[in-house]
Amino acid sequence: MCGIVGAVAQRDVADILVEGLRRLEYRGYDSAGVAIIDNESQLKRIRRLGKVAELADALSLEPLTGGTGIAHTRWATHGEPSERNAHPHFSGDDIAVVHNGIIENHEILRNYLVQSGYEFTSDTDTEVIAHLIHHELKSNGNLLDAVKRAVHQLDGAYGMMVIDRRDPSRAIAARSGSPLVIGLGIGENFVASDQLALLPVTRRFMFLEEGDVVEISRQSVQVYNAKGDKVEREISESSVEHDAGDKGKYRHFMLKEIHEQPDAINNTLEGRLNEKQIIEESFGPNAKELFSKTEAVQIIACGTSYHAGMVARYWFEEIAGIQCNIEIASEFRYRKSFVPKNCLFVTISQSGETADTLAALRLAKETGYMASLSICNVPGSSLVRESDLSFMTRAGAEIGVASTKAFTTQLVALLMLVTSIAKQKGLSKEQEAEIVKALKEVPNKINHVLQLSNDIEHLAEEFSEKHHSLFLGRGNQYPIAMEGALKLKEISYIHAEAYAAGELKHGPLALIDTDMPVVVVAPNNELLEKLKSNMEEVRARGGLLYVFADTHTKLSNSEGVKVMHLEDVPEVIAPIIYTVPLQLLSYYVAIIKGTDVDQPRNLAKSVTVE
């Protein structure tokens, strides 16, 4: 949550900071602000309620000049969205701070600082950090040492950057539980929550680790670890495309990312398959050895990634024949759980910085899991660095808050993982070859679904006045129904629920009427006849059914039933393919309702707080 951009440079940095915020707006968009030390060593600040565009407009009327500055786009935690609660926060006229995360002991620190004579002007936990650093500077005039002492007093999560008008030649950043990356330039250096923010100015990056504090000047970057020792962090060069933050010909990032799925999945598969086999080394050099020992799998994830894990549970138990448990990270980390023998701990996260998932991984390391594997879209993220094995989905930057290509590439990665482990449990070469063939078909199958966009857009019109919806699926399509319901509620604000279709008679049938559209995913599999019976239960009670089915199901339009036919697909990849029409349906419903598709209310892309 929230986005930070900072710079220490010889040139004016206001435009760089604002462009960085635009690229980070997926992380939060309740308010935005910028603070710069001007040429007279004075701190100047502009903050605005609303999106980054509001801040940009204000800066066009009242430009800020200077080479050292910080900026922030906010997703509110402590204090309502307002200009007074927007970052950066000041302490007096000297210190400015931007912060991601939550300071859990902020009330104790606030009371102490009030007693020490500090006046608070916001409701945020962040203002505590600014005053605490200012207070520490009274006993030592060195900003670096003051920040080091301050962070040891903070409980909770933070990624922060601090500037002091009395020393505009440097800035301090610190990371604990909330990601920060350093962008390295020539005669200038930068800080951000995500490298995407800095791609217009550099392609060389250094990722901070837990507990790091870093001093940034124009000519140097010095990192100190949690023990206070000077350390070197690896420098990497980004291969992310410069135009990842542009919509191109599309109206919204979400639509662009839906249409990018065939290419994204090709990238996921590239170099990881041969003609008939999956290359196990794609998961790491010792993956084959670990997979041969794996007797059970525990999957941990949140949100959309959790739905991907639910699909994988069906695959693991059917294809590999081993036990698989899936749990929401925020639940797993706060209960006592049983650790099966030789259990592989799998985490799934688009960003690799999801706070609950990362905390669950750290807990797993203490409780006896055999090894850990992360499926992630961000190289260098905390989850990747802290896992024994990792698999990059290579989906590319995903800006829309509602996940699309990140989800389908996760499903592809998970099917590859299941197959790799199944090979060690007796999966035949012929069975593996069939799965590999099906995986290679996924991009083309998705392209066929995308050709239905106009038909799905017309279908969406029937949802425009609805306030509730049900999604139904059976077997491994049940999690896909859950994902479809999540997408609809995320971006159209229509209340949507998903049920395993067999559960209809255990309660949900009470909701069925002509104002409750029922969306059904119905591939041609062994559960189809059961699913048809569930559909008849809805139809008999006057419900309206919208069915996505393949051409071999022999389902057709009739009174109360509208069927949209998809091309026949191999059963093993059906969950991946049937995701796409539900994404398009949600998108077009949101367009009709006039909501903010890419930045839905109350949400943010990267959830780095509990």
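Side notes on the structure shown:
- Filter result (without any contact (Cβ under 8 Å) to a residue 40 or more places away in the chain and part of a helix (DSSP H, G or I)) within the range 118-134: Glu127, Val128, Leu132
- Residue-level analysis places Arg333 among those that are at pLDDT below 90 and surrounded by fewer than 23 Cβ atoms within 10 Å (Cβ to Cβ).
- Any hit, the range 348-356, residues being at pLDDT below 90 and of a type in the set (A, V, I, L, M): yes
- Residues of the range 196-224 that turn out to be polar (S, T, N, Q) and more than 19 Å from Gly69 (Cβ to Cβ), as a count: 1
- Which listed residue, of Leu373, Leu383, is in a strand (DSSP E or B), touching a helix residue (DSSP H, G or I) at 6+ places or on another chain (Cβ under 7 Å) and either at negative phi or buried (at least 22 other Cβ atoms within 10 Å of the Cβ) (or both): Leu373
- Within the range 51-81, being in a loop (DSSP other than H, G, I, E, B), under 25 Å from the mean Cα position of the chain (by Cα) and among the small types (Gly, Ala, Ser) holds for Ala76, Gly79.
- Which listed residue, of Arg335, Arg313, is assigned to a loop (DSSP other than H, G, I, E, B) and either touching a residue at least 12 places away in the same chain (Cβ under 8 Å) or of a type in the set (D, E, K, R) (or both): Arg335
- Flag for Val436 being over 16 Å from Asn267 (Cα atoms), β-branched (Val, Ile, Thr), over 20 Å from the mean Cα position of the chain (by Cα) and assigned to a helix (DSSP H, G or I): no
- Every residue from the range 319-330 that is at pLDDT below 95, part of a helix (DSSP H, G or I) and surrounded by fewer than 22 Cβ atoms within 10 Å (Cβ to Cβ): Ser330
- Scan of the range 296-307 for residues that are assigned to a helix (DSSP H, G or I) and either among the hydroxyl-bearing types (Ser, Thr, Tyr) or under 17 Å from Leu358 (Cβ atoms) (or both), ordered by number: Gly303, Thr304, Ser305, Tyr306
- Scanning the range 512-529 for residues that are polar (S, T, N, Q), over 33 Å from the mean Cα position of the chain (by Cα) and modelled with pLDDT under 85 turns up at least one hit.
- Counting only strands (runs of 3 or more DSSP E) that sit wholly inside the range 499-573, those with at least 1 residues that are among the acidic types (Asp, Glu) and under 28 Å from Asn447 (Cβ atoms) are 544-550.
The values are calculated or read from the model by the stated rules, or taken from the named source; none is laboratory data. On a predicted model such as this, the values are computed, not experimentally measured, just so you know. In this analysis, Cβ positions are derived from the backbone assuming ideal geometry, glycine residues included, and neighbour counts consider all displayed protein chains.
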